[in-house]
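Readers should treat all values here as calculations from the given coordinates under stated rules, not as data from a laboratory. All values reported here derive from a predicted model rather than from experimental measurement. Here the Cβ is made from the backbone with ideal geometry for all residues, glycine too, and neighbour counts use every protein chain on show.
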């Protein structure tokens, strides 16, 4: 009996140790695509993805206190500021929880402490047509705290470094409260035009709603989080230089490689998690390293 107990204890300790390692795991993915341009080999891109912060104030007893979520965001900002060679920081939606201007200002004030260029995307909790925060008001507020946020539409693009191109998409349905996304024909046409003019760049798409989170999604070519997922995927299939799609929304870390595209779903800052992503291009092979990190704010 003692021997069995010892074996069970050993297995339990091993499982716990694996679980701890998984919280700060580092995973490498390799893309060997002969069709992609490697004209800018040697350029390494490093960025941080923060998502689903869910800053909120009064009136939401189901969530943790405001001070806890702000502390988690502040700790993430402090950790990022201690890093080296970060090209940009991207927030991929649900930055606030109840579409309140007060919460948006709290979020923007903390994010403005970042010492690296930072950008913000929309999530379904950020805006609403009959709330304080519309899409226009959201970005007007962010722009007052962030000189890098110069977009005139809720979707936009930027080039952080030679050889790389980042597209930030907006799938938020703001006419009613919805937990899933939809990408309008106008936005998809805009994306198509952006991709056509950056055929020699390695493209990273950032959005709140994930396109693919599992092998089943790859087989089905569909996503329960996006209404017109197949239409979106058909557009992306026209291009061979898209190497990553980074998203949030599902509050879970998931990494799924579909052909030559890595789908990165990063968990939530309110769950004390964020990601550091490093992309390098050497010997005609693209290496993507995804490191999941944790915040460690003091207990309130």
Would you mind calculating the gained length between residue 162 and residue 280 on full extension (0.36 nm times residue separation, minus the Cα-Cα distance), in nm to one decimal?
41.2 nm
Using the 10 angstrom Cβ neighbour count as an exposure proxy, how do 274, 158 rank, fewest first?
158, 274
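If we sort 200-211, 162-173 on the protection proxy, mean other Cβ atoms within 10 Å, highest first, what's the order?
So the peptides 200-211, 162-173, ranked by packing, come out 200-211, 162-173.
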Between residue 252 and residue 289, what is the label-point separation in nm under the 7 Å Cα-to-beta-carbon projection?
2.7
Extending each Cα 7 Å along its Cβ direction at residue 137 and residue 152, get the distance between those two points in nm, one decimal.
2.3
Neighbour-count order for 182, 155, 232, fewest beta carbons within 10 angstrom listed first:
182, 155, 232
Mark the label point 7 Å from the Cα of residue 57 along Cα→Cβ and return the residues of segment 129-172 whose backbone N is within less than 13 Å of it.
132-133
Just to verify a number: FRET efficiency for residue 113 and residue 296, C-beta to C-beta distance, R0 = 22 Å, to 0.05?
0.80
Quick calc: nm separation of the 7 Å Cα→Cβ label points for residue 101 and residue 32 -> 5.6
Hypothetical label at residue 200: residues of segment 149-170 whose amide nitrogen lies under 15 Å (7 Å Cα-Cβ projection)
162-165
I need 156, 119 ordered by Cβ neighbour count within 10 Å, fewest first.
156, 119
